Amino acid sequence: MRIRLKVWRQESREAAGRFETYDLDSVNEHMSFLEMLDVLNEKLTLEGKEPVAFDHDCREGICGMCGFLINGIAHGPEKGTTLCQLHMRHFQDGAELTLEPWRAKAFPVIKDLIVDRSALDRVIQAGGYISVNTGSAPEANIHPVPKDTAEKAMDAAACIGCGACVAACPNASAMLFTAAKVSHLGLMPQGQPERMQRVKKMIAAMDAEGFGSCTNHGECQAVCPKEISTEFIARLNRDLIRSALLLTRV
Amino acid sequence: MCGNSPAANPPGKPVEEFFAEDMAVRMIKTLTQTTVGQKVLMAVTGLILFLFILGHLSGNLLIFAGREHMNEYAHFLHEHPKFLWPARIVLLFCFFVHIVAAARLWLKNRSAREEGYTIYLPIETTIAARTMIYGGAAIFFFLLWHLLHLTFGVVGPRFDPNDVYGNVVRGFQNPAIAGIYLVGVACLCAHLYHGAWSLLHTLGLSAPEIDCAKKKAARILAVLIGLGYASIPLAVLTGVVR
Ligand code: HEM
Ligand code: FES
């Protein structure tokens, strides 16, 4: 199949970016989107041009490294799919696709389609952990967890931190990410001791990174490759309200 | 007691100092210094304003019961300043908090994406949700005008403080004034179309089993409120109420 790509090219953080157009004539419909870019990059390299820089690692939809917008939708048009798992058969022959990096003040472009997402790491560092002594694994039945709770915690823990929620949000808010991280720990018994501090610290870190606030547009959930629900945003809100109302020190 | 490793605190701040805030200070800080806290302020004040909108509508619909009923109700309110004034002060306070929080969050959200997308295709959001700040501002100016018209009687046709019914009818017989009301009510309707369920989500009311019904119910209520308010100028314009 034939594909025309309009790709955002930007040499460095400081450089001004622009779109460049590339035509590919023999794209195999079974290729993943990233494999199609590999073909483009081979072609560019042979022509002595700079290949398009894009993030990727596992290429099986579990690491969260890949991600940019295809025609205005984060991770492209397929629901619940990362770019690396998106196949070319979902596009029409002759399609014109515009590729643009995540755009947010907290995610500066490093090069082409790669953005710096370390802001999300700093949100995790602020409280997305539990403080336990490591060592031999504890006996598994010490903390019984109801099945529904375990399932819900897993739903939140499915977040791969790709940043699509921020990219798709009209406010560039990281609420879905932060909510998922707050919730998967907050649902588990091991997460309880630090639960009230965790929510406050992670929200403070999120605000400090320059992300916007949530106005319940729901775009994050719509593009999330792991289909994480905005229900967790409500849960984060509940935790924050509780932490503010507690009579004891938090 | 806080089960927290010191390393997790900001460097140079001992654990005790960092967490030794009393509840009131902690609450005010959370509500005014965090984005989520400001959203909670907006939701609580929005809910109070929403309840007012409902009460105000039910009073206004008395116009269909006739001149005596409407004037009697208005008279009753003015006879009881002990209830009227505290309610007005609460409303004014809610407006103030709601607008200040809206402005602060809006500025933060705007600065969170300095360079916009060339192509951006929203999937889930609505026009109502994306125009909250503009609709809100329009409601604010409409409200000022509305107060000048029917509370203070400074704008519009002849004003008689003892004949609320007559003031409303005389006003709406002027198509320009009725038009302003219809536009204002349309803005309110759009604002509530998103706001009414958004505030519930912000306050933490969400579960997979109820989310769809919650959204639908809030949206239907918003449309009903819009239709309810719009019915009054329309009834006067068409001569049903005179
Ligand atoms: C007067 C000027 C007003 C301004 C500038 C304003 C602005 C805003 C803004 C920017 C939001 C954020 C909504 C979002 O995107 O989630 C909002 C939410 C809301 N507003 Fe207003 N508004 C105003 C008046 C009102 C009035 C009169 C009411 C009630 C009748 C109201 C009820 C609400 C509600 C219930 C919300 C939802 C809060 C939430 O999202 O959690 N607002 N407003
Ligand atoms: S490359 Fe790992 S999720 Fe796409």
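About its Cα centre, chain B has a charge dipole of approximately 380 debye under the convention of +1 per Lys or Arg Cβ and -1 per Asp or Glu Cβ, with nothing else charged.
In this structure A:Lys201 has an accessible area near 30 Å², from a 1.4 Å probe over the protein heavy atoms.
Of all aspartates and glutamates in the structure, the ones whose alpha carbon falls short of 18 Å from that of A:Lys200, not counting any fewer than 8 places away in one chain, are A:Asp121, A:Glu209, A:Asp239, B:Glu16, B:Glu17, B:Glu21, B:Asp22. Divide the volume of the convex hull around the Cα atoms of segment B:100-242 by the residue count and you get 166 Å³ per residue.
Counting each DSSP H run of 4 or more residues in chain B as -39500 (n - 2.57), what helix-only mean residue ellipticity at 222 nm follows after dividing by all residues, to the nearest 500 deg cm²/dmol? If you can, show how the numbers build up before the last one.
Values: 10 runs with 169 residues, N = 242.
When only DSSP H runs of four or more count, the value is -23500 deg cm²/dmol.
Computed from Cα positions, the angle between helix A:231-245 and the longest principal axis of chain A comes to roughly 40 degrees. Based on the convex hull around the alpha carbon atoms, segment B:153-199 presents an average projected area of 4.2 nm². Seen against the Cα atoms of chain B and their longest principal axis, helix B:211-237 is set at about 30 degrees. Per-residue mean of foreign Cβ neighbours for A:232-239 is 5 (Cβ atoms of other chains, 10 Å radius). Peptide A:215-226 is shielded by partner chain Cβ atoms: per residue, an average of 6 of them sit within 10 Å of its Cβ. Using bins of 10 Å that start at zero, the share of Cα-Cα pairs per bin across segment A:118-249 amounts to 13, 43, 33, 10, 1, in whole %. The calculated pair-distance distribution of segment A:3-100 uses every alpha carbon pair, bins of 10 angstrom beginning at 0, and gives 15, 50, 31, 3 percent.
Using r as the Cβ-Cβ distance of B:Ser111 and B:His80, and R0 as 45 Å, what FRET efficiency do you calculate, to the nearest 0.05? Don't skip to the end; give the middle numbers.
Numbers: r = 47 Å, r/R0 = 1.03.
Here the calculated transfer efficiency is 0.45.
Give the Debye-formula value of log10 I(q)/I(0) at each listed q (0.17, 0.18 Å⁻¹), with one equal scatterer per alpha carbon of segment A:76-172, two decimals each. Taking Cα atoms of segment A:76-172 as identical point scatterers yields -1.01, -1.07.
May I ask you to rank A:Glu20, B:Glu124 by accessible area, largest first, using a 1.4 Å probe over the protein chains only? Before the final figure, lay out each step's value.
Values: A:Glu20 60, B:Glu124 85 Å².
So, going from the largest accessible area down, we get B:Glu124, A:Glu20.
For segment A:3-100, with all protein chains present and a 1.4 Å probe, just round the carbon and sulfur fraction of the accessible area to a whole percent. Provide the component values of the computation, followed by the final result.
On the way: 2120 of 4810 Å².
The C+S portion of the solvent-accessible surface of segment A:3-100 is 44 percent.
Dimensions of the protein assembly as shown based on its C-alpha atoms, expressed as ranges along the principal axes with the largest first, amount to 85, 62, 43 Å. Over chain A, the hull volume per residue, using the convex hull of the C-alpha atoms, is 153 Å³.
3J(HN,Hα) couplings calculated from phi for segment B:162-169 with the Karplus curve 6.51 cos²θ - 1.76 cosθ + 1.60 (θ = phi - 60°) are, in sequence order, 9, 9, 4, 4, x, 4, 5, 5 Hz; Gly and Pro show x. Neighbours of B:Arg67, meaning other residues whose beta-carbon lies under 11 angstrom from its beta-carbon, give a summed charge of -2 when Lys and Arg score +1 and Asp and Glu score -1.
With a threshold of 20 Å on the Cα-Cα distance, the over-threshold entries among A:Lys226/B:Lys216; A:Lys6/A:Lys111; A:Lys6/A:Lys43 are A:Lys226/B:Lys216. Applied to segment A:213-223, the Karplus parametrisation 6.51 cos²θ - 1.76 cosθ + 1.60 on θ = phi - 60° returns per-residue 3J(HN,Hα) values of 9, 7, 10, 6, 6, x, 5, 4, 4, 5, 9 Hz, with x for Gly and Pro.
Residues B:Arg242, A:Arg242, sorted by accessible area with the largest first, give B:Arg242, A:Arg242 [1.4 Å probe; ligands and nucleic acids excluded].
Rolling a 1.4 Å probe over the protein heavy atoms leaves A:Ile110 with an accessible area of roughly 70 Å².
If A:Lys181, A:Lys43, B:Lys108 are ordered by their accessible area, calculated over protein heavy atoms with a 1.4 Å probe, which sequence runs from highest to lowest? Mind showing how you got there, number by number?
On the way: A:Lys181 30, A:Lys43 80, B:Lys108 55 Å².
Ranked from most to least accessible, the order is A:Lys43, B:Lys108, A:Lys181.
Rounded to the nearest 10 square angstrom, A:His143 shows an accessible area of 90 square angstrom against a 1.4 Å probe. Binning the C-alpha pair distances of chain B at 10 Å intervals from 0 yields a P(r) profile of 6, 24, 29, 21, 12, 5, 3, 0 %, listed from the shortest bin outward. Helix B:67-79 and the longest principal axis of the C-alpha atoms of chain B enclose an angle of approximately 50°. Computed from label points 7 Å out along Cα-Cβ, the spacing between B:Lys29 and A:Ile142 is 3.3 nm.
Take each residue in A:75-84, count the other chain C-beta atoms within 10 Å of its C-beta, and the mean is 0.
Legend: Rg and Dmax of segment B:69-147, from Cα coordinates, 19.1, 59 Å. Magnitude of the charge dipole for the protein assembly as shown, about its Cα centre and with charges confined to Cβ atoms of Lys, Arg (+1) and Asp, Glu (-1), is about 1520 debye. The charge dipole of segment A:3-100, taken about its Cα centre with unit charges on the Cβ atoms of Lys, Arg (+1), Asp and Glu (-1) only, comes to about 240 debye.
The values are calculated or read from the model by the stated rules, or taken from the named source; none is laboratory data. Since the model is a prediction, treat every value here as computed from it, not as a measurement. Here Cβ is always computed from backbone atoms with ideal geometry, including for glycine, and neighbour counts include all displayed protein chains. Heads up: the accessible areas ignore ligands, DNA and RNA and are worked out on the full protein's heavy atoms, side chains in. Shrake-Rupley method; radii C 1.70, N 1.55, O 1.52, S 1.80 Å.
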